1. Please give the strands (runs of 3 or more DSSP E) falling wholly within the chain in which 2 or more residues are at pLDDT below 95.
2. Residues of the range 29-45 being more than 15 Å from residue 5 (Cβ to Cβ) and surrounded by fewer than 11 Cβ atoms within 10 Å (Cβ to Cβ), which ones?
């Protein structure tokens, strides 16, 4: 099941900030914690992979996205 989400842009005088918010159902299913550090990986122009920086290697291998 997918969760459509809008990409938001906030333009300021000297900068831009882009935002993508997670629906609560996704955040809860992933058991995200406040302040948790994650990283975005560009798979291609239609796919972004969000990876926990402290994920176990075995969990990453199961998704075929594991990288060292």
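The values are calculated or read from the model by the stated rules, or taken from the named source; none is laboratory data. Everything numeric in this text was worked out from a predicted model, so none of it was measured. A quick note on method: Cβ atoms are made from the backbone with ideal geometry, for glycine too, and the neighbour counts reach across all protein chains shown.
1. Working: elements: 7-11, 16-20, 38-44, 47-52.
In the chain, the matching strands (runs of 3 or more DSSP E) lie at 16-20, 38-44, 47-52.
2. Correct list: 31, 33, 34, 35, 37, 39, 42, 43, 44, 45.
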